[in-house]
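The values are calculated or read from the model by the stated rules, or taken from the named source; none is laboratory data. What you see is a predicted model, and the numbers here were worked out from it, not measured in a lab. Here the Cβ is made from the backbone with ideal geometry for all residues, glycine too, and neighbour counts use every protein chain on show. With ligands, DNA and RNA removed, areas are computed over all heavy atoms of the protein, side chains included. Shrake-Rupley method; radii C 1.70, N 1.55, O 1.52, S 1.80 Å.
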Amino acid sequence: YGDVIYTERTKRGLPEVRKNSNAVGAALRIEFGDDIIAKRLAELIEQARSQKLLQKILIDGLRHPTEVAWLRENLGARTIGINASQEVRFGRMLRRNRSVDPKSLEAFREIDEEDRGIPLIEHRNQSDGCLQVADIVIENNSEDVASYIKKFHEALTSLGI
């Protein structure tokens, strides 16, 4: 998902800032429809498949329920939503220490709500909506990586993957 946004943001000459990425995603949806990012992902997937590079593909970072629906309908995708509390996600973001990430909880909450679709604005990110249409949702609030991996494998198994 991020590759599509990164490519478009770079093409438009915008710096790597989360607000620019969100704005580019919204602009693409307005211009080409809410499923455009999924369609562009499908092109990348087809390229990889034609080169016989991949057998199974994992896409992360979907931000709009229409993208989920398009991938499900056109590629047979199965979806696993992964959710964690805002505080847990903020702590993980601080540990990854990317220059583009906010450094305060207040700033994080602002972009988090925008990503989640609060308030709900057509064509903008709606990750909460993606969780609502996911085949399975895993809660990932624990720092116990082994427990998370077990939950993820159980989800894959239940989906027949």
Across the stretch 123-161, the tally of residues that are touching a residue at least 24 places away in the same chain (Cβ under 8 Å), on the phi < 0 side of the Ramachandran plot and under 19 Å from the mean Cα position of the chain (by Cα) stands at 20
Of the residues in the stretch 121-155 that are more than 20 Å from SER85 (Cβ to Cβ) and either β-branched (Val, Ile, Thr) or in contact with a helix residue (DSSP H, G or I) (Cβ under 7 Å, 6 or more places away or on another chain) (or both), the one that is modelled with the lowest pLDDT is ILE121
Counting only residues in the stretch 23-82 that are of a type in the set (Asp, Glu) and open to solvent by 50 Å² or more (accessible area, probe 1.4 Å), the one nearest to TYR148 (Cα to Cα) is identified as ASP60
Per the list (1) surrounded by 12 or more Cβ atoms within 10 Å (Cβ to Cβ); (2) of a type in the set (Asp, Glu); (3) without any contact (Cβ under 8 Å) to a residue 40 or more places away in the chain, residue check on GLU106 breaks on (1)
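Restrict the check to the stretch 53-62 and report whether at least one residue is in a helix (DSSP H, G or I) and either of a type outside the set (S, T, N, Q) or more than 13 Å from HIS123 (Cα to Cα) (or both).
No: the stretch 53-62 contains no residue that is in a helix (DSSP H, G or I) and either of a type outside the set (S, T, N, Q) or more than 13 Å from HIS123 (Cα to Cα) (or both).
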Expected single match for part of a helix (DSSP H, G or I), out of contact with any Leu (no Cβ under 6 Å at 6 or more places or on another chain) and modelled with pLDDT under 95 among ALA23, ALA69 is ALA23
